[in-house]
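Asker: Encoded as structure tokens, here's the structure I'll be asking about.
The values are calculated or read from the model by the stated rules, or taken from the named source; none is laboratory data. Everything quoted here is computed from the prediction, not taken from an experiment. Methodologically, a virtual Cβ is constructed for each residue, glycine included, from the backbone with ideal geometry; neighbour enumeration extends over all protein chains shown. Just the protein is used for accessible areas: all its heavy atoms, side chains included, with ligands, DNA and RNA removed. Shrake-Rupley method; radii C 1.70, N 1.55, O 1.52, S 1.80 Å.
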Amino acid sequence: MPTADTPLEAAPIDKEPDTSTAQDEHDEDDDVLAEIEGTGPAGEGKKKKKKKKPKKKKLEQGDPPRTGLSKFFPDGIYPVGEIQEYKDDNNWRTTSEEKRYTERMAMEDPEVTYQNIRKGAEVHRLVRQHARKHIRPGMTMTEIAENIEDGVRALVEENGFEAGIGFPTGLNLNECAAHYTPNAGDTVVLQKEDVLKVDIGVQVRGRILDSAFTMSFEPTYDKLIEAVKAATDTGVREAGIDARLGEIAAAIQETMESYEVEVGSKVYPVKAIENLSGHSIELYRIHGRKSVLLVKNDDQTKMEEGEYFAIETFGSTGRGRVVERGDCSHYAKSYDAPNVPLRLQTAKSLLKSITKNFGTLPFCRRYLDRAGESKYLLALNHLVAQGIVNDYPPLYEARGAMTAQFEHTILLRPTVKEVVSRGDDY
């Protein structure tokens, strides 16, 4: 999920050892023994066959995936993401006994353990694998969003603030780069010529896994998608402890803008969208205090040990800048919400519901509907006006432009960098 400078294949599952062959041989031995024992002293040769024990059925994930991950990982140990060693002056960390000890201590702390973000990542991989397989032109945005969110809730085993959706599913079409999800009554249908950005969030004990990808259904904008995927990989590669945010941004821009897209008889350079960025992620706070811009800048801020970052990039065939437009769907209670008197009773009631159901996690109007709220727009707008709730309207490029997005969540461990959201697909 991006930060704007305006307001605002699944990993392999460990399998149980297959003991079916050994069990079958044991059953056959029992049958032979039963035949021998069935020959009585009177010469009665009736065979008594012992019934074979039914084989234990292997647990498999369904399609769509709806079985909670704890059934597959009862020990609570989830797949590790892609490991990248630190470069240059930080390469020593990989073999440092002191840093390895720090990691072991972190894994023993239920509030710090990496298993929380890894569970979120495994949920994300399974949900997006199904989404990438089944999203097709002709589907409505609501159908797509609900299928994804039902999968996240089921796999993560939704349980209040312990586990659930990290933020509303972004389904951004064409020139819309970010912050669109369908509101109730939305009738937008996916078309064959559309370019769709899918941004999915999963949270486990406040650790938010934020990762996004782009889909298209005909080849016109393949080079745009390739450019943005490469730029995100560049950002991931350049990120690390002590890396300066401005330098990472410069590397992202250089990769992104080395591509061009041919549409009909015209050639468009790919531009990095200058007022969107990646961001650090804090507990229950999707947009932390650090931003990773997509264009070269002089930000000397460094990444630090233990931080989580969403490295996301956006490319465009347009002007390289987005503006707010259209009906708002994304909201979040301000992390430092002011304590101001509310004159509307409905606003007080709605704030209580938002705090109870979402805390500081982003939400959308569909989620309020699901929580049982109705006729809340006046109250919601009042909370926004008072600065208690932030609104995040859709962000659009120029009409006719196309945009693409890719994003990974990385964890800067003491010894190595872990790209927790990496999968076989991207």
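Asker: If residue 29 satisfies every condition in (1) open to solvent by less than 50 Å² (accessible area, probe 1.4 Å); (2) at pLDDT below 70 but one, which is the exception?
Answerer: (1)
Asker: Now for a different question. Go through segment 190-219 and give me each residue that's farther than 26 Å from residue 310 by Cβ and in contact with a helix residue (DSSP H, G or I) (Cβ under 8 Å, 6 or more places away or on another chain).
Answerer: Our first condition is that a residue be farther than 26 Å from residue 310 by Cβ; within segment 190-219, this holds for 191-193, 217-219.
Within segment 190-219, just 193 meets the criteria.
Asker: How many residues does segment 371-420 contain that are open to solvent by less than 10 Å² (accessible area, probe 1.4 Å), farther than 24 Å from residue 292 by Cα and of a type in the set (Gly, Ala, Ser)?
Answerer: 1
Asker: State the number of residues belonging to segment 68-104 that are assigned to a loop (DSSP other than H, G, I, E, B), open to solvent by 80 Å² or more (accessible area, probe 1.4 Å) and over 21 Å from residue 409 (Cβ atoms).
Answerer: 2
Asker: Take segment 264-273 and flag every residue that is open to solvent by 10 Å² or more (accessible area, probe 1.4 Å) and touching a helix residue (DSSP H, G or I) at 6+ places or on another chain (Cβ under 9 Å).
Answerer: If the condition is that a residue be open to solvent by 10 Å² or more (accessible area, probe 1.4 Å) and touching a helix residue (DSSP H, G or I) at 6+ places or on another chain (Cβ under 9 Å), then 264, 268, 271 are the ones that fit.
Asker: Quick check on my filter: what residues within segment 268-286 are assigned to a strand (DSSP E or B) and not small (Gly, Ala, Ser)?
Answerer: 268, 269, 271, 276, 279, 281, 282, 285
Asker: So residue 353 ticks every box in (1) over 24 Å from residue 165 (Cα atoms); (2) assigned to a helix (DSSP H, G or I) but one. Which box is left unticked?
Answerer: Of everything listed in (1) over 24 Å from residue 165 (Cα atoms); (2) assigned to a helix (DSSP H, G or I), residue 353 misses just condition (1).
Asker: Name every residue in segment 162-172 that is hydrophobic (A, V, I, L, M, F, W, C) and either out of contact with any helix residue (DSSP H, G or I) (no Cβ under 8 Å at 6 or more places or on another chain) or open to solvent by 40 Å² or more (accessible area, probe 1.4 Å) (or both), in order of residue number.
Answerer: Taking segment 162-172 as the starting set, the residues that turn out to be hydrophobic (A, V, I, L, M, F, W, C) are 163, 165, 167, 171.
Listed by number, the list holds a single entry, 167.
Asker: Restricting attention to segment 105-117, report how many residues are open to solvent by less than 20 Å² (accessible area, probe 1.4 Å), under 14 Å from residue 412 (Cβ atoms) and either hydroxyl-bearing (Ser, Thr, Tyr) or in a loop (DSSP other than H, G, I, E, B) (or both).
Answerer: Total satisfying the criteria: 1.
Asker: Still on this structure, please answer the following. Based on what the data block shows, is residue 255 open to solvent by less than 50 Å² (accessible area, probe 1.4 Å), part of a helix (DSSP H, G or I) and either at pLDDT below 95 or in contact with a strand residue (DSSP E or B) (Cβ under 7 Å, 6 or more places away or on another chain) (or both)? Step through it out loud before you land on a result.
Answerer: Values: open to solvent by less than 50 Å² (accessible area, probe 1.4 Å): yes; part of a helix (DSSP H, G or I): yes; either at pLDDT below 95 or in contact with a strand residue (DSSP E or B) (Cβ under 7 Å, 6 or more places away or on another chain) (or both): no.
Considered against the rule, which asks whether it is open to solvent by less than 50 Å² (accessible area, probe 1.4 Å), part of a helix (DSSP H, G or I) and either at pLDDT below 95 or in contact with a strand residue (DSSP E or B) (Cβ under 7 Å, 6 or more places away or on another chain) (or both), residue 255 comes out as no.
Asker: Taking segment 324-341, which residues are of a type in the set (Val, Ile, Thr) and in contact with a strand residue (DSSP E or B) (Cβ under 6 Å, 6 or more places away or on another chain)?
Answerer: Hits for segment 324-341: nothing passes.
Asker: Do we find a residue being of a type in the set (Val, Ile, Thr), out of contact with any Asp or Glu (no Cβ under 9 Å at 6 or more places or on another chain) and open to solvent by 30 Å² or more (accessible area, probe 1.4 Å) anywhere in segment 140-161?
Answerer: no
Asker: Still on this structure, please answer the following. Would you check if there is a residue in segment 351-361 being over 22 Å from residue 207 (Cα atoms) and in contact with a helix residue (DSSP H, G or I) (Cβ under 7 Å, 6 or more places away or on another chain)?
Answerer: Scanning segment 351-361, I find at least one residue that is over 22 Å from residue 207 (Cα atoms) and in contact with a helix residue (DSSP H, G or I) (Cβ under 7 Å, 6 or more places away or on another chain), so the answer is yes.
Asker: When segment 269-292 is examined, which residues are found to be closer than 29 Å to residue 193 by Cα and touching a Gly at 6+ places or on another chain (Cβ under 8 Å)? Step through it out loud before you land on a result.
Answerer: Initial filter on segment 269-292 (closer than 29 Å to residue 193 by Cα): 269-278.
Scanning segment 269-292 gives 270, 271, 272, 273, 274, 278.
Asker: Does any residue in segment 160-179 that is under 15 Å from residue 150 (Cα atoms) come within less than 7 Å, Cβ to Cβ, of a residue that is assigned to a loop (DSSP other than H, G, I, E, B) and among the hydrophobic types (A, V, I, L, M, F, W, C) six or more places away or on a different chain, and which pairs are these?
Answerer: Pairs that qualify, where the first residue is under 15 Å from residue 150 (Cα atoms) and the partner is assigned to a loop (DSSP other than H, G, I, E, B) and among the hydrophobic types (A, V, I, L, M, F, W, C), are 166/286; 166/361; 167/1; 167/286; 167/361; 170/1.
Asker: Kindly establish whether residue 366 is open to solvent by less than 50 Å² (accessible area, probe 1.4 Å) and among the basic types (Lys, Arg).
Answerer: yes
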